[in-house]
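See below for the structure under consideration.
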């Protein structure tokens with residue numbers, strides 16, 4: 001009975017260790033830290049085709065992560081995809097004519113949105129919309145176009 | 001069949017027409033028993049007659065197939081779990097093995113039922129435990145673990161634990177089996193002394209005729225699922241039943257044959273290698 | 001022919017009877033648990049023997065599994081020139097599958113067997129019966145604390161297994177094979193989702209902990225009270241827990257996969 005206290009301490013250590021492991025998994029091994037703590041502002045972009053873009057996908061500029069995809073919607077009148085992007089507050093000075101394109105990381109990797117700065121002096125503000133967008137490349141369409149052109153050229 | 005001159009209130013345990021089977025084997029087939037308050041009642045019989053089973057039935061750990069078992073007027077088999085537990089707090093049971101909790105030392109074993117059932121302060125528990133251990137002569141062994149005790153000591157500790165909550169009745173399951181003469185003597189004396197000092201009611205299940213007869217006020221002899229005979233030790237000594245005589249005197253042959261049933265010896269030998 | 005049928009029938013009946021007893025057992029344990037909340041001491045004691053004593057084997061196993069994953073993953077990924085994804089592979093395998101499954105199986109082998117043997121021996125030596133005769137419910141006093149201690153310990157052990165494993169993979173991949181340090185972690189962080197991957201692993205290990213505790217304790221409680229019976233029950237604990245955990249892993253993965 002007298003080493004009850006030591007026992008309790010050891011068990012307490014064990015539980016703490018378990019939670020520490022869980023904390024490491026959450027913070028270091030997963031993307032929880034990547035987006036949960038950063039504040040940002042929302043802007044939207046319309047695309048004809050977003051391909052395999054998913055919510056939480058990265059938004060990058062010159063390869064640097066500046067935000068993430070917050071939501072994906074569909075406009076029933078124009079039949080376009082409406083993607084809401086969250087740009088982190090530290091990147092406030094994006095020109096208003098910045099363009100957004102959907103790219104694929106690597107040959108078969110996941111899709112992300114790449115921004116390219118324009119030359120406007122005014123900056124993007126919350127709620128604005130990207131004027132220039134480029135849809136995702138769909139492999140089948142590319143191949144189809146290639147075959148079509150090859151057939152034309154052959155004639 | 002039962003004595004008529006005892007008042008019914010004196011009967012603590014009343015067993016009527018008890019039938020119980022284990023698998024296809026019928027262990028009790030219409031047993032009637034009365035255990036009287038303040039007495040040491042012995043239940044004797046050869047090994048395998050279900051004496052331990054009887055104690056478990058009285059304690060409510062098993063349910064009879066037919067018949068009733070009443071402890072202080074309550075039908076044990078029909079009690080709710082809560083009421084049964086209330087009743088068990090007033091019954092002590094000494095298992096053949098002692099059934100001490102192997103991860104607790106002697107002191108904590110005796111303190112176990114007190115701690116479980118009361119909220120007494122630790123200092124009072126200590127007094128109670130030491131008192132019970134003193135009664136069985138093992139106050140000095142309170143720091144030992146059950147694995148360090150001899151069989152006789154383990155039973156004495158178990159006895160101290162059984163009386164820890166001051167029960168009104170104690171059931172002893174084969175208390176003398178496998179004991180050397182000294183610890184046997186100690187146990188015989190303890191059971192007798194505790195019964196009178198604490199005005200307990202005791203049920204002793206045993207097949208050790210001499211020791212049991214020495215302390216029992218009344219004896220039931222069981223065989224083949226029935227009560228063969230009952231009475232005071234002196235009365236049983238004069239029993240008409242040859243079977244009881246064989247059992248009480250430990251004769252090797254009699255109504256209970258020495259040989260397990262088998263084909264005639266000569267025939268078996270002549271059968272050669274066939275069986 | 002009829003004999004074989006009868007044998008099959010008896011086997012099926014026995015199986016369902018045992019299954020029923022197992023569920024009743026679980027019900028009684030759960031019903032007997034509330035008073036336990038007031039007796040944390042019983043709990044911590046079991047947390048020690050069930051959790052703390054399993055810590056070493058789980059951590060060491062996790063380290064080695066992570067290191068092996070690092071080596072094997074590197075050999076495969078380097079052919080595609082994508083050895084930066086090594087961390088992702090190691091982390092996902094550990095967090096989703098290997099951590100919960102192996103921690104539960106190791107738990108069954110280390111703590112489950114000793115629980116089964118302990119309960120089985122308590123039954124054999126009439127300690128459980130003795131408690132009942134002292135008006136103490138063994139399901140409440142003996143089984144329930146062990147059950148909840150196991151239930152809590154397994155997810156913690158699984159988390160420790162996964163975390164140590166990731167560092168094992170890091171050690172081999174970055175330390176020995178020269179994968180880029182930053183790429184290793186950033187790839188993990190961009191590809192492992194907390195809710196989808198980490199939490200699903202935690203849910204799995206919670207389920208496995210429940211099942212492992214249940215099987216180990218029921219096998220002990222239901223053991224034939226002889227030394228042979230306890231030995232068999234101990235074996236069954238490992239076999240049944242392993243099968244149950246692997247089978248449930250498939251079911252849970254299928255449910256979480258959408």
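Results, tabulated for the structure shown:
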quantity	calculated
At 1.567 mPa s and 4 °C, Stokes diffusion of the range C:32-123 via Kirkwood alpha-carbon radius, µm² per second	82
Mean Cβ neighbour count within 10 Å, used as a protection proxy, ranking B:36-43, C:2-9, C:239-246, A:137-144 highest first	B:36-43, C:239-246, A:137-144, C:2-9
Relative contact order of chain B, pairs being alpha-carbon contacts under 8 Å that are 6 or more residues apart, as %	23
Principal-axis tilt of helix B:106-117 within chain B, Cα atoms, nearest 10 degrees	80
Shielding by partners, peptide C:48-54 (average Cβ within 10 angstrom, other chains)	4
Normalised contact order of chain A, rounded percent, pairs of Cα under 8 Å and 6 or more residues apart	23
Residue order, fewest to most surrounding Cβ atoms within 10 angstrom, among B:165, B:222, B:120	B:120, B:165, B:222
Estimated distance in nm for a label pair at residue B:259 and residue A:19, the labels positioned 7 Å out from Cα along Cα-to-Cβ	7.7
Helix-only mean residue ellipticity at 222 nm for chain B, each DSSP H run of n ≥ 4 adding -39500 (n - 2.57), per residue, nearest 500	-10000 deg cm²/dmol
Residue-averaged beta-carbon neighbours from other chains (10 angstrom radius) around B:161-169	1
Within 10 Å of each Cβ in B:92-104, the average number of Cβ atoms from other chains	5
Dimensionless Rg over Rh [chain B; C-alpha; Kirkwood]	1.02
Normalised contact order of chain C, rounded percent, pairs of Cα under 8 Å and 6 or more residues apart	32
Degrees separating the helix C:227-256 axis from the principal Cα axis of chain C, which is the longest one	50
Helix-only CD estimate at 222 nm, as mean residue ellipticity for chain A, using -39500 (n - 2.57) per DSSP H run (n ≥ 4)	-9500 deg cm²/dmol
Gap separating the Cα centres of the range B:175-204 and the range C:187-258, nearest whole Å	50
Principal-axis tilt of helix C:113-124 within chain C, Cα atoms, nearest 10 degrees	0
Ellipsoid equivalent to the range C:163-236 - semi-axes via the Cα gyration tensor, in Å	42, 17, 5
Chain C, helix-only ellipticity at 222 nm - DSSP H runs n ≥ 4, -39,500 (n - 2.57), divided by all residues, nearest 500	-24500 deg cm²/dmol
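Rule-based calculations on the coordinates, nothing more; no lab input. All values derive from a computational prediction rather than experimental measurement. Here Cβ is always computed from backbone atoms with ideal geometry, including for glycine, and neighbour counts include all displayed protein chains.
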